[in-house]
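Asker: Can you read through this structure? Questions will come right after.
Just so you know, all these numbers are worked out from the coordinates, no wet-lab data involved. Treat the numbers as computed from the prediction; the structure is a model and nothing was measured. When we count neighbours, we look across all protein chains shown, and the Cβ atoms used for this are built from the backbone with ideal geometry, even at glycine.
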């Protein structure tokens, strides 16, 4: 369901980054899908050594870290990551619900924990709270979104491209806002349906196609296109200085 509180970004407006560390591939992939659905960038590591390397390269805004890993445990991963990123918030995953494990994880520098089996909603909520405390901002805190020469004011609901005002309906505005909050990111029809129309994907993809066509007529008509179809994947909004590889 659409929720303004989920629309969190890095200070520069780019999507938040989450590193998921779990040696169980099915759990790692489930978390990856759930967190990407939030609009966050996600990287997965299946071992402690790969997690440490990924943390240096990816520079995550938060880490979901399993306690039990095949090479070394989550607390050692955390110790090594903290050398490079002393403030990154960490959510521990543990299959054990003992007080000792919880205390050990938090004493080692973890910020929170959930026990397996967990609900994806709980993980998302805990991460959101951790990143908000760590300084991630709500996209709503700045009322103006800008992508290339396209400008959207979330307070006044005014939209312009190249300095020319563009009149949008309420639904067109919500769709454009979602695209502009995720520039250069391919958004699936399912993601768009959930965020703009507030219901899950289920045979309503034609609604998305219809409103994308409406937006194109108003935003791209007579100009270099910014809204692109990525066949089989979804739609992406790019400033015109970013060449598109799909129609």
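Asker: Compute the distance in nm between two label points, each set 7 Å from the Cα along the Cα-to-Cβ direction, one at residue 223 and one at residue 157.
Answerer: Distance between label points: 2.0 nm.
Asker: Something else now. Per 0.36 nm of contour for each residue apart, how much would the distance between residue 233 and residue 29 grow if the chain were fully extended, relative to their Cα-Cα spacing?
Answerer: Net length gain for the segment: 71.6 nm.
Asker: Ranked by Cβ crowding within 10 angstrom, fewest neighbours first, how are 197, 40 ordered? Walk me through the numbers on the way to the answer.
Answerer: On the way: 197 17, 40 24.
Taking fewest neighbouring Cβ atoms as first place, the list is 197, 40.
Asker: Right, next: Fully extended, how many nm does the chain gain between residue 79 and residue 171 (0.36 nm per residue separation, minus their Cα-Cα distance)? Kindly include the intermediate steps, with their values, before the conclusion.
Answerer: Working: separation 92, 0.36 × 92 = 33.12 nm, distance 4.71 nm.
Gain on stretching residue 79 to residue 171: 28.4 nm.
Asker: What is the spin-label model distance, in nm, from residue 210 to residue 132 if the labels are put 7 Å beyond Cα along the C-beta direction?
Answerer: Placing both labels 7 Å beyond Cα along the Cβ direction yields 3.5 nm.
Asker: Based on other C-beta atoms within 10 Å, arrange 112, 153 from fewest to most. Mind dumping the intermediate values first?
Answerer: Numbers: 112 17, 153 13.
Least crowded to most crowded, the residues run 153, 112.
Asker: Then there's this: What are the extents of the Cα atoms of segment 143-237 along their three principal axes, in Å, largest first?
Answerer: Principal-axis extents of the Cα atoms in segment 143-237, largest first: 38, 27, 20 Å.
Asker: Cβ neighbours within 10 Å, averaged per peptide: list 115-128, 82-95 in order, most packed at the top.
Answerer: Working: 115-128: 15.4, 82-95: 17.4.
Sorting 115-128, 82-95 by mean packing, highest first, produces 82-95, 115-128.
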